[in-house]
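Rule-based calculations on the coordinates, nothing more; no lab input. As the structure is a prediction and not an experimental result, all values here were calculated from the model. Reconstructed Cβ throughout: ideal geometry from the backbone, glycine too, with neighbour counts over all protein chains shown.
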Amino acid sequence: MKIWSPLLATLVLLNSFSAQIFQDDEINIEVIDDDVDLDVVADSDNYPCNGYPQYRKLPINQGFYLGAQNAGSQVFKGECQASQDASIIKMLEDGIRFLDVNLCTNEKNVVVVCSSRDSTVSSTPFTDVLNEAFIFARENPEQFFIINLRSENVGHQANIKDLEQQMDTICKTHTELTPGTDEYVKYKCPFIYRHEKGPWPSIGELVNYNPEMAQWEGDGELVGVRTKMLFTASESISTVPEYQSSYFTEPFWRESRASEPNKLKDDLKKVCRVPAGGIKLNAYVDDACSKDDYSPEQIEDLLLDKLGCNLNDSPLNTFISILSVNHYGKHLRYLQELKDRMMEINYAKWNGNYQLVRPSVIATKQHKVQRDEL
């Protein structure tokens, strides 16, 4: 039987080291140097398996993904309409692996990017978003990312049938541009993973990354589809009677969301005590301008404080799946460091081991290990 002992771990958490714990009959402590090379972190996002080949056996629903709220909103000129500053491709290159895109249908019945803040309709079609995602997938092998589609606070909602028709058309184009692919079959996009039943695959299985096996090669280069994306849709996307989806997957996470930081912290405390799998933490204010973005210290507080999630004293089956933020570029180095720390914890918990979250070397406020009173 595993024992969670924050007191013991706290004694080991000295000089910026982290600890791994613990058995009944014997105590095993692994001390890991906490010297983080931030340049290496920044450059490693496009290594195999989202930059974590060492975690290739981790199921995709157990991983951690950095998220960009209102991805694609850089096309708007208004500061409060544009929740992000970078293009879709740039986000993916920066290590963002969860893209939240708000869509609507314009007066010409074209699906376009729309503002969820004030319903402003852009001139950027959904197909542009898709093209950027598929270009990244073709040019960056052995990656996995999620695209969540919404149609919130808009004049005319997008519907799932139109979205899938466009997804299929764009996928066909990019599949035919990819060496080593078979003849395209309609609504069988090889770039899109759709989960239906059974255990989730590991990221290594999904992107065909196994360094112990010979890879299929053509003329000395990897060929075929080697990066996958998963699509989810919020309830705001309109359904079509009798239409069966071919591409959308039900989310594997539960959400913690509130309009204010203190309310979010209260909600997280409740959600994190329930051992029911991954949590999507929406660390943004819906009606916020850039000055209201969450700071690294606020995010650390949400995750580690006793009055928040208190990850260091949470059940094995409680972990953070997604952190979605506005203007991710403001704190990118912190977010990349956080991704490393969350992947360590998620991997340890998947293996049945309790482990403390490494202290951040970027956020200025540090949190002591705290146990909830029983």
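Report note on the peptides 311-321, 115-125: ranked by the mean count of other C-beta atoms within 10 Å, highest first, their order is 311-321, 115-125. When Val274, Val185, Val225 are arranged by Cβ crowding within 10 Å, least crowded first, meaning fewest neighbours, the order is Val185, Val274, Val225. Separation of segment 100-155 and segment 63-99, taken as the distance between their Cα centroids, equals 11 angstrom.
Dividing the C-alpha radius of gyration of segment 43-117 by 2.2 N^0.38 Å, with N its residue count, gives 1.35.
Could you compute the FRET efficiency for Arg254 and Glu139, with r as their C-beta to C-beta distance and R0 at 25 Å, rounded to 0.05?
About 0.15, to the nearest 0.05.
Convex hull volume per residue, computed on the Cα atoms of segment 36-252, equals 142 Å³.
For a 32 Å ceiling on Cα separation, which of these pairs sit above it: Lys188/Lys270; Lys77/Lys280; Lys197/Lys330; Lys188/Lys263?
Lys188/Lys270; Lys197/Lys330; Lys188/Lys263
Counting only Cα atoms, the size of segment 109-214 along its three principal axes is 52, 29, 24 Å, in decreasing order.
Here the label points at Glu79 and Gln165, each 7 Å from Cα along the C-beta direction, are separated by 4.1 nm in the simple model.
Here's how it looks for Ile279: its modeled amide H is under 5 Å from those of Arg254, Phe319, Ile320, Ser321, Ile322, which are all 5 or more places away or on a different chain.
How high is the FRET efficiency between Asn351 and Glu205 when r is their beta carbon distance and R₀ equals 22 Å, given to the nearest 0.05? Between Asn351 and Glu205 the formula returns 0.80.
Computed from label points 7 Å out along Cα-Cβ, the spacing between Glu107 and Lys57 is 5.9 nm.
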